[in-house]
Amino acid sequence: MSTTLNAFEHSGVATCGASTARRTSGIKLTRKGRFLFVGLPLMLVAAVLLLAAGFFGATAKAGVSSNGLVGNGTVQVTVQQGESLWAVASHADSSRDPRDVMADIVELNALTDSVVHPGQQLMVPAASVSR
């Protein structure tokens, strides 16, 4: 008999050798747990990447066809030298109040003010463009 006591023997835990004293490693996950821990975050990251790609990859305006129409009910015109937004609106639809047409032009083109420059391309309502 040995006079040296093992820590397991002293605490009352019986050991049957070195092979039974192995440690278990961390958490054991079930199949559903692995999915929630690994698969779900990967799917969320993929969804965020797809949304970001769609957001940054989208073009700001629709394509221009050969006849100058841009979308439904609009025509693309070029601002001439000395022409104001009022003049563009008056030419675009003479049957409506130019202030209303100007508001439509500002909204269609996301303008911050009513200043236009020669050569600038503008989308205007396509009622009766006389250019």
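What value does region 74-125 have for Rg/Rh, both radii from Cα atoms and Rh as Kirkwood defines it?
That ratio is 0.90, to two decimals.
Which ³J(HN,Hα) values, rounded to whole Hz and listed in residue order, are derived for region 117-122 from phi using the Karplus coefficients 6.51, -1.76 and 1.60 in 6.51 cos²θ - 1.76 cosθ + 1.60 with θ = phi - 60°, glycine and proline given as x?
Listing the rounded values in order: 10, x, x, 5, 8, 10 Hz.
Bear in mind these aren't lab numbers, they're just calculated from the coordinates by the rules spelled out. In this text, all values refer to a predicted model and were calculated from it rather than measured experimentally.
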